[in-house]
Amino acid sequence: MLGRTLREVSAALKQGQITPIELCQKCFSLIKKTKFLNAYITVTEEVALKQAEESEKRYKNGQSLGDLDGIPIAVKDNFSTSGIETTCASNMLKGYVPPYNATVVQKLLDQGALLMGKTNLDEFAMGALGSDTGGSTRNPAAHCGLVGVKPSYGLVSRHGLIPLVNSMDVPGILTRYVDDAAIVLGILAGHDPKDSTTVQDPVKPFMLPSLTDVSKLCIGIPKEYLVPELSSEVRSLWSKAADLFESEGAKVIDVSLPHTSYSIVCYHVLCTSEVASNMARFDGLEYGHRCDIDVSTEAMYAATRREGFNDVVRGRILSGNFFLLKENYENYFIKAQKVRRLIANDFVNVFNSGVDVLLTPTTLSEAVPYLEFIKEDNRTRSAQDDIFTQAVNMAGLPAVSIPVALSDQGLPIGLQFIGRAFCDQQLLTIAKWFEKQVQFPVTQLQEFVDDCSSILENEKLASFSLKQ
């Protein structure tokens, strides 16, 4: 049941093949078996079971709220959840319990979804680990064999998403299938009076047609994305994907995004500047962590932030404040804003030339082994991981990562489609067609759990913890 599509599970609930409580219990059983992965910061079993009971009553009375009624969901721990601790995986917010739900969380709960808990993230989501600021939905999706959707900026409310970079943050969606992501996006999309950056026009439900003819499509392949660091496996799959579209009659052309080489540096300046501004609110006075030092207000501020933030967050705050200094503002922040406009215009020019979607890699390679991953510092790793994804955030465009194949090591590899602003439905329709063609082997959860159990029994992980 846990490997089925959202609509299949919803149909099973309506037909009485399984109850919301049984489904909820299956999920918690899996969460407990995979606890060593540290996937969850907070597990809300009591809350979810109560929600499941309410859902079960609705089904018995023939009053289902829709496709999401009784469906288990998890929320990244940088989205505010009423009455449930929201930490952003930081000591700074340890014990912080918001008095309200983020708009996207409330919309899901209003449809009868069951909140399993709050999932883990690197502190304040400052890395390549769904919100999506520079690739933080698409990158994990590619590495985990999932569909990861980054909607157009302004399509989905950011109210209640603890901000990292206001001008780029977008709530992202992680699902097994494109159709499932479209259902969730249809529920989340639309104007929110609490977020002035959301679209004013009404948004129709995202019903994806089954595309049968791609001969009228034009697929763009950005030549600047063919970088030396790209693994041969990803490069080969990217080429085969382009050939697939061409063999079905689509027009596949090379295109240029000439300012791509500046995007990582530009992103770093803008990202750290907004981070520095946003993190200023965490001063130990109003909420969150406060140190025990009471010599002076200034000493309390300094000690609170030193204790509350990790090295990566403090480093980004320092970088951002440097770029925002009066003597540096014009040379760094303003210049980066101008380059951002050039990057956005590159995409506009390509789409105005007749291209429907861009096809690119999502990541440079398959997931890197943990021991290799920790050899590089966060800044280097983030710069590498976000190379294909962050320009989309700066341009405010929709993008989706689709799992394509398993590598020689048996690890998932994904490819990314980038669409025109607010043409999310067209983007997902094309992605759905592609998903059907590639037939990615869906991970069998039970096999995964059994494999993990055998490893643990052999005590290979006995002295190893993913927690820092």
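What the table shows:
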read-out	value
The stretch 36-67-the stretch 71-117 distance, computed between alpha-carbon centres (Å)	14 Å
Residue pairs, from the table 194/335; 375/436; 107/240; 76/375; 150/216, whose Cα atoms sit over 28 Å apart	194/335; 375/436; 107/240
Top positive-direction residue, dipole computed over the chain with Cβ charges, set 24, 142, 273	273
Rounded accessible area per residue of the stretch 1-121, 1.4 Å, Å²	45 Å²
GluC sites (Glu not before Pro) restricted to the stretch 311-374 and DSSP loop, no more than 12 other C-beta within 10 Å	327
Accessible surface, per residue, of the stretch 173-261 when the full set of protein chains is kept, probe 1.4 Å, Å²	53 Å²
Computed label-point distance, nm, for sites residue 12 and residue 298 using a 7 Å Cα→Cβ extension	6.2 nm
Where trypsin sites (Lys or Arg not before Pro) fall in DSSP loop in the stretch 312-377, at most 12 other Cβ within 10 Å	326, 375
Carbon and sulfur %, accessible surface of the chain computed with the full protein complex present, 1.4 Å	52 percent
Dipole magnitude of the stretch 127-467 about its Cα centre (Cβ charges: Lys, Arg +1; Asp, Glu -1), debye to nearest 20	880 debye
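The values are calculated or read from the model by the stated rules, or taken from the named source; none is laboratory data. Because the structure is predicted, anything quoted here is derived from the model rather than measured. Cβ atoms come from the backbone with ideal geometry, glycine included; neighbour counts cover every protein chain shown. Heads up: the accessible areas ignore ligands, DNA and RNA and are worked out on the full protein's heavy atoms, side chains in. Shrake-Rupley method; radii C 1.70, N 1.55, O 1.52, S 1.80 Å.
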